[in-house]
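S.K.: Can you read through this structure? Questions will come right after.
The values are calculated or read from the model by the stated rules, or taken from the named source; none is laboratory data. Here the structure is a predicted model, which is why all the values come from computation and not from measurement. For neighbour counting, all protein chains shown are included, and Cβ atoms are generated from backbone atoms with ideal geometry for every residue, glycine included. When the accessible area is computed, the model is the full protein with side chains, heavy atoms only, and any ligands, DNA or RNA have been set aside. Shrake-Rupley method; radii C 1.70, N 1.55, O 1.52, S 1.80 Å.
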Amino acid sequence: MTVSSGFFNSINHDRLYDAEQVSSIFDGIIEDGVYESIGEAFMVSPYADGNDTVIVGTGRAWFDHTWTLNDSQFSITLDPPNTLLSRIDTIVIDVDHRDSVRKNSIIVVSGTPSDSPV
C-alpha cells in the first residue's frame, strides 16, 4: 500500500496533483448520487407537445470523483418508438474519463424493444 498526502506548495514542479487526487479528499464525505435538494434534481418529464422529447430539469450530482451541474432545463429527443414492441429508455449521467473526452454528459440509453421490456 502506498501512502500519499497533500497538498503542499510545489517547488520546481516537485508537487503535481491530478483531478482524481484532489477529488479523493471528499471520499467518505460525499457519496455518488444526485443531490435531491439542488434545483429540480435532474427530474425528467415529457415535453409539452407530446412528441419524442423529454425535458431534464436542473440539478447537481457527484459520480466517480467528478461533479455535474445542469443549471437550466434542456431537452433530449428519444429514438422513435417501435410500432409493435415496447421498450424502456433511461436518462443517465455518463462520466467519460477518456483522455480524448474528459466530460460528464446527460444522455439517453435506449432499451431493447420487447414484448416484456426490462
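S.K.: For the range 1-47, compute the orientation-averaged projected area of the C-alpha convex hull (one quarter of its surface), in nm².
M.R.: 6.4 nm²
S.K.: Then there is this: Would you mind pulling out the separation of the Cα centroids of the range 15-42 and the range 81-115, in Å?
M.R.: The distance from the Cα centre of the range 15-42 to that of the range 81-115 comes to 23 Å.
S.K.: Here is a follow-up. Accessible area per residue, 1.4 Å probe, Å², for the chain: what's the number?
M.R.: 77 Å²
S.K.: Can you pull the one-decimal nm distance between simple spin-label points at residue 89 and residue 34, each 7 Å off the Cα toward Cβ?
M.R.: Roughly 1.6 nm, to one decimal.
S.K.: Turning to a different aspect of this structure: Would you calculate, for the chain, the mean residue ellipticity at 222 nm contributed by helices, counting each DSSP H stretch of 4 or more residues as -39,500 (n - 2.57) and dividing by all residues, to the nearest 500?
M.R.: The per-residue figure over the chain is -1000 deg cm²/dmol.
S.K.: Output needed for the chain: three equivalent-ellipsoid semi-axes, defined as square roots of 5 times the C-alpha gyration tensor eigenvalues, in descending order, whole Å.
M.R.: Each semi-axis is the square root of five times an eigenvalue, giving 38, 16, 13 Å.
S.K.: Could you compute the net charge surrounding residue 58? Neighbours are other residues with a C-beta less than 13 Å from the C-beta of residue 58; K and R count +1, D and E count -1.
M.R.: Here the charged neighbours net out to -2.
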